[in-house]
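Undergrad: A single structure is presented below for examination.
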Amino acid sequence: MSSTSTTAGDQAGFVGSWQLEITSPLGPQTATLFVEEDGAGGLRARMSSSWGEAPLDTIQQNGDTITAAVALKIQGMSIQANIEGRREGDNLSGTIRTNMPIVPPLMFTGRKISQ
């Protein structure tokens, strides 16, 4: 898992496991996001889905907003994606933007399933 710094805000609200549903051109996809404190005042995270597991990089947290980058290998192709999410209590929603011009921004929603 990659570790980066956070900015002002309540990072403890992001710590835990999140069940995500992603709206994609291939239909709904599910993923689990695991977020923990890195011990140096920041967050580290990884995402697991039917596409595999990958660490999130360049995690930035500002209040109830989090941004990160992830690199995935899907069917042999390397895909870079930027994630932006907003937390409201135990709910998370946001957008995933890939480096593939033919793929529209993917919307996701999620809920915290454990601390």
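Undergrad: Restricting to Cα pairs below 8 Å that are 6+ residues apart, what does the relative contact order work out to for the chain? Please round to a whole percent.
TA: Taking the mean separation of contacting Cα pairs over the length of the chain, I get 26 percent.
Undergrad: Just subtract the alpha-carbon distance of Ser114 and Glu37 from 0.36 nm times their residue separation and send over the number in nm, one decimal.
TA: Gain on extension, Ser114 to Glu37, equals 26.3 nm.
Undergrad: Kindly give the semi-axes, whole Å and largest first, of the ellipsoid equivalent to the chain, taking each as the square root of 5 times a Cα gyration tensor eigenvalue.
TA: Taking √(5λ) for each eigenvalue gives 22, 15, 13 Å, largest first.
Undergrad: Which residue, chosen from Ala81, Thr67, Thr109, occupies the Cα position most advanced towards the positive end of the dipole of the stretch 64-115, where the dipole is computed from +1 (Lys, Arg) and -1 (Asp, Glu) charges on Cβ about the Cα centre?
TA: Ala81
Undergrad: Provide Met100, Met77 in ascending order of the number of other Cβ atoms located within 10 Å of each residue's Cβ, fewest first.
TA: If I rank by nearby Cβ atoms, fewest first, I get Met77, Met100.
Undergrad: Mind checking the dipole of the chain: about its Cα centre, +1 per Lys or Arg Cβ, -1 per Asp or Glu Cβ, Debye to the nearest 20?
TA: For the chain, the charge dipole is close to 280 debye.
Where a number appears in this text, it was derived from the coordinates with a stated rule and is not lab data. Bear in mind the structure is a predicted one, so any value in this text is a computation, not a measurement. Every residue, glycine as well, gets a Cβ built from its backbone with ideal geometry; the counts of neighbours run over all protein chains shown.
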